Amino acid sequence: MWSFFHKLGSPPWLYRIAGVLLRWLLPVSLLALGTGLIWGLLFTAPDFRQGNSYRIIYIHVPAAVVALAGYYVMALAGAVSLIWKMKVADIAMKATAPVGAALTFIALVTGSIWGKPTWGTWWVWDARITSMLILLFLYLGVIALYEAYDNKAAAGRACAVLSLVGTVNIPIIYKSVDWWYSLHQPASIKFTGESTIDPTMLYPLLLSIIAFYGVFTCALLGNMRAEILARETRTGWVRRLAGGEV
Amino acid sequence: MSAAPGALAFVGRLLRRQLTLALRRPVAVLNPLLFFAMVVALFPLGLGPAPDRLAAFAPGILWIIALLANLLSAEMLFRSDFEDGSLEQLLLSPQPLYLSVLAYVLAHWLLTGVLLAAIAPLFAVMLNLPVAALPALVGSLLLGTGVLSFVGSIGASLTVGLRRGGMLIALLVLPFYMPVLIFGAGAVEGALAGLPVAPYLAILGALFSFAAALGPFAIGAGLRISIDA
């Protein structure tokens, strides 16, 4: 049990195990993504009010859900790296930020495309849209802060502090914007109580959400592998890996 | 040789030091106020001088300028002490970092936020904001700028060691300023519409005490990282 934690500190082992995980997870997630999207986009009934335009939900909602969860993954990794000084957590935190930013961006763009036929406008300063935009800024802030430091160990810790401050603030930002102005529909899927979405639409959506989590994890692992290689460029095992003799 | 002062006496001295240092350079204290005045003058030029339109936008305008003035001054909060090494001495001293940081932020709030709140009614009248909304403006600015000082100091502590911190601190800190802006401008707009202002002020007060309770930990961590880097 403990040897597992010790091994986490070893970059070559981490690199290899992330590769093994990727080899299994990537095909499974892509298959789930393909199934979820094809099922949702082609084989569900059109919405009685929004017609076919609602089908973008199968991309929009999963991207938004995983983008929000991604921030907490980043902050949690940051907390672990601050408290226990684990290298793997630091690498994970750094690797999450661009993936989360990309997902937030996808959620904003698909939301905008969905808004045009539904609300008749590309952009409204509505509560949820605004808080997703703020989330994008938070991700970009973490990336920018990391890049600004020359000392990468300090950069990791600074970003960890920033993302932890963000976790405290996200609920406040979210609620404040919510009270400020809302046009966006309330959440349709609830863990407690009746969901307001038809089961035939719900199942492909849930599958898409799970698939997005899978793809997110794959992107995270890939990023972590790249980061490990970048940090260990000068070591023997990376040179052997690159084919060059030491 | 005298013994080290107690924690509270130390905070008092640190606060007095910050205020004395600032007052010895009065222009530096006046800079945020001048900035405030200048930007207020830009809005009628950009939006047109129609009094009723200016009055409608005044709560948002005043609050956004207060936000930016706070941001610009927060960037300088730790800089000179970082450069001459006194910040490092502070971190090495046996005094609790939480309280030292509190003294810094308090000084920043007194010198920018409180002064801005005191002078804001003048500019509010220039923007045609009805006199009835002035108490809400001053109250919300007093409480809100306190939160801004804490949040801005977190950004300042993380960027003080960087050469080009200016734009970066804006990117880091402005998202966290947004709730304060919403409730601050909301209080003034509420007062304009004849709604009760107390709930807004209560929320701002809650944010203030929350920021005062947790903010110094983040600021302290940020300062340690910046000193180590």
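The values are calculated or read from the model by the stated rules, or taken from the named source; none is laboratory data. Quick caveat: nothing in here was measured; it's all calculated off a predicted structure. For neighbour counting, all protein chains shown are included, and Cβ atoms are generated from backbone atoms with ideal geometry for every residue, glycine included.
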Taking A:Ala97, is it closer than 16 Å to A:Gly222 by Cα and within 14 Å of chain B (Cβ to nearest Cβ)? yes
Examine the range A:43-53 for a residue that is under 21 Å from A:Gly214 (Cβ atoms), not polar (S, T, N, Q) and not in a loop (DSSP other than H, G, I, E, B), and state whether such a residue exists. no
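Which members of the range B:200-229 meet the condition of being in a helix (DSSP H, G or I) and within 9 Å of another protein chain (Cβ to nearest Cβ)? Working first, answer last.
Let us first name the residues in the range B:200-229 that are in a helix (DSSP H, G or I), namely B:200-228.
Within the range B:200-229, B:Ile203, B:Leu207, B:Phe210, B:Leu214, B:Gly215, B:Ala218, B:Ala221, B:Gly222, B:Arg224, B:Ile225, B:Ser226, B:Asp228 qualify.
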Inter-residue pairs, beta-carbon under 6 Å, first hydroxyl-bearing (Ser, Thr, Tyr) and in the range A:24-40, second part of a helix (DSSP H, G or I) and surrounded by 17 or more Cβ atoms within 10 Å (Cβ to Cβ), 6+ apart: A:Ser29/A:Ala211; A:Ser29/A:Gly214; A:Ser29/A:Val215; A:Ser29/A:Cys218
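For the structure I just gave you, tell me whether A:Leu140 is under 22 Å from B:Ala211 (Cα atoms), at the interface with chain B (Cβ under 8 Å from one of its Cβ atoms) and surrounded by fewer than 24 Cβ atoms within 10 Å (Cβ to Cβ). Spell out the reasoning first.
On the way: under 22 Å from B:Ala211 (Cα atoms): no; at the interface with chain B (Cβ under 8 Å from one of its Cβ atoms): yes; surrounded by fewer than 24 Cβ atoms within 10 Å (Cβ to Cβ): yes.
In short, no.
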Extreme residue, nearest to A:Phe216 (Cα to Cα), among residues of the range A:48-73 that are surrounded by fewer than 18 Cβ atoms within 10 Å (Cβ to Cβ) and free of Cβ contacts under 8 Å to residues at least 40 places away in the same chain: A:Asn52
Scanning the range A:154-177 for residues that are of a type in the set (S, T, N, Q) and modelled with pLDDT under 90, the one nearest to the chain's Cα centre (by Cα) turns out to be A:Thr167
Which one of these does A:Ile172 not meet: (1) surrounded by fewer than 19 Cβ atoms within 10 Å (Cβ to Cβ); (2) at the interface with another protein chain (Cβ under 8 Å from one of its Cβ atoms); (3) under 18 Å from B:Ile225 (Cβ atoms)? (3)
If we keep just the residues of the range B:115-161 that are in contact with an Asp or Glu (Cβ under 9 Å, 6 or more places away or on another chain) and under 22 Å from B:Pro44 (Cα atoms), which is farthest from the other protein chains (Cβ to nearest Cβ)? B:Asn128
Among (1) touching a residue at least 60 places away in the same chain (Cβ under 8 Å); (2) within 21 Å of the chain's Cα centre (by Cα), where does A:Pro117 come up short? (2)
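Is it the case that the range B:169-176 has a residue that's away from every other protein chain (no Cβ under 11 Å) and closer than 30 Å to A:Ala148 by Cα?
Restricting attention to the range B:169-176, the residues satisfying the condition of being away from every other protein chain (no Cβ under 11 Å) are none.
Looking through the range B:169-176, none of the residues is away from every other protein chain (no Cβ under 11 Å) and closer than 30 Å to A:Ala148 by Cα.
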Residue count, the range A:74-94, condition surrounded by fewer than 22 Cβ atoms within 10 Å (Cβ to Cβ) and small (Gly, Ala, Ser), comes to 2
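Do we find that A:Gly111 is in contact with a Cys (Cβ under 8 Å, 6 or more places away or on another chain) and either within 14 Å of another protein chain (Cβ to nearest Cβ) or modelled with pLDDT under 90 (or both) in this structure? Walk me through how you get there before you give the answer.
On the way: in contact with a Cys (Cβ under 8 Å, 6 or more places away or on another chain): no; either within 14 Å of another protein chain (Cβ to nearest Cβ) or modelled with pLDDT under 90 (or both): yes.
No; evaluated as a whole, the condition is false for this residue.
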Here the qualifying pairs (Cβ atoms under 6 Å; residues six or more apart or on different chains; first in the range B:81-98 and free of Cβ contacts under 8 Å to residues at least 60 places away in the same chain; second surrounded by 13 or more Cβ atoms within 10 Å (Cβ to Cβ) and part of a loop (DSSP other than H, G, I, E, B)) come out as none
What helices (runs of 4 or more DSSP H), lying completely within the range B:5-116, carry at least 2 residues that are at pLDDT below 90, β-branched (Val, Ile, Thr) and surrounded by fewer than 21 Cβ atoms within 10 Å (Cβ to Cβ)? B:26-47
